[in-house]
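Worksheet: the structure to be examined is printed underneath.
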Amino acid sequence: MSGYDASAAARVVVGVSGSLGSVTALRRAAALARRLGAELWPVLAWEPPGGDPAARRSPAAGLLVEEWQRLAKQRLASVLEEIFGESGPGVPMHALVVRGTPGRALVATADREDDLLVVGAGRRGLQRAFSGRVSRHCLTHADCPVLAVPPSPLESDLVSVHRRNAWHRRMDTRGL
């Protein structure tokens, strides 16, 4: 972000899915919005299961799309409530639910030069080769500055615990 005029940011747009990476990005975006005096725009992108072609083939597509839209709004509200509580992020916030792929939805929302787009950078290690498509799309196509937030250091510990539980392996609690 060298050479970026922080005082010019009118909006901080952040991708939210409820994943640990997106929660880390949301917290960073809220802190940046407070520091810059900008508005926070959390965006949850959604697509019908099977994509738009599958939804168009369904005879009850209209009803299903409305339900999926409702569920997406509910998920975004739940994540925002869990992260910020009733007090909110401390800056004006305009939460959006956008139908489309996450990368395209975020780039389309952060369409001003003075916006700042914040995304989770994906996972570390071998898993990174198969993830991070959203952050790569945003870095490649956005017309505004993009901040790719690395995953929380606790995420690798959580993945490790989950893996141990899935394999029914004992955990060494001496180091805790």
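Nothing in this text is a laboratory measurement; each read-out follows from the coordinates by a stated rule. Worth saying up front: this structure is predicted, and the values here are computed from it rather than measured. Note that we place each Cβ from the backbone using ideal geometry, even for glycine, and neighbour counts take in every protein chain shown.
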### Summary
Expected unfolding gain across residue 35-residue 86 under the 0.36 nm per residue rule, minus the alpha-carbon gap, is 16.3 nm
### Query
Once fully extended, how much extra length lies between residue 104 and residue 20, figured as 0.36 nm per residue of separation less the alpha-carbon to alpha-carbon distance?
28.2 nm
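So between residue 66 and residue 136, what do we pick up on full extension, going 0.36 nm a residue minus the alpha carbon distance? Please list the in-between numbers first.
On the way: separation 70, 0.36 × 70 = 25.20 nm, distance 3.00 nm.
That works out to 22.2 nm of additional length.
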### Burial ranking of peptide ranges 12-19, 101-108 (average Cβ count within 10 Å, highest at the top)
12-19, 101-108
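If you add up the charges near residue 119, with Lys and Arg at +1 and Asp and Glu at -1, over every other residue whose beta carbon is less than 11 angstrom from its beta carbon, what do you get? Write down the numbers at each step before the final one.
Values: positive: 28, 133, 136; negative: none.
Net charge in that neighbourhood comes out at +3.
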### Task
Compute the FRET efficiency between residue 93 and residue 114 as 1/(1 + (r/R0)^6), taking r as their Cβ-Cβ distance and R0 = 25 Å, and round to the nearest 0.05.
0.90
### Built amide H within the under 5 Å cut-off of residue 121, gap 5+
149
### Message
What are the ³J(HN,Hα) couplings of region 14-19, residue after residue, when phi is run through the Karplus curve with 6.51, -1.76, 1.60 and θ = phi - 60°? Round to Hz, x for glycine and proline.
### Response
9, x, 10, 10, x, 6
### Task
Would you please give the residues with an amide H less than 5 Å from that of residue 46, counting only those at least 5 places away or on a separate chain, with H modeled from the backbone geometry?
98, 99, 100
### Query
If you plug each phi of region 25-37 into the Karplus form 6.51 cos²θ - 1.76 cosθ + 1.60 with θ = phi - 60°, what whole-Hz ³J(HN,Hα) values come out, in order, with x for Gly and Pro?
5, 5, 5, 5, 4, 5, 5, 5, 4, 5, 5, 8, x
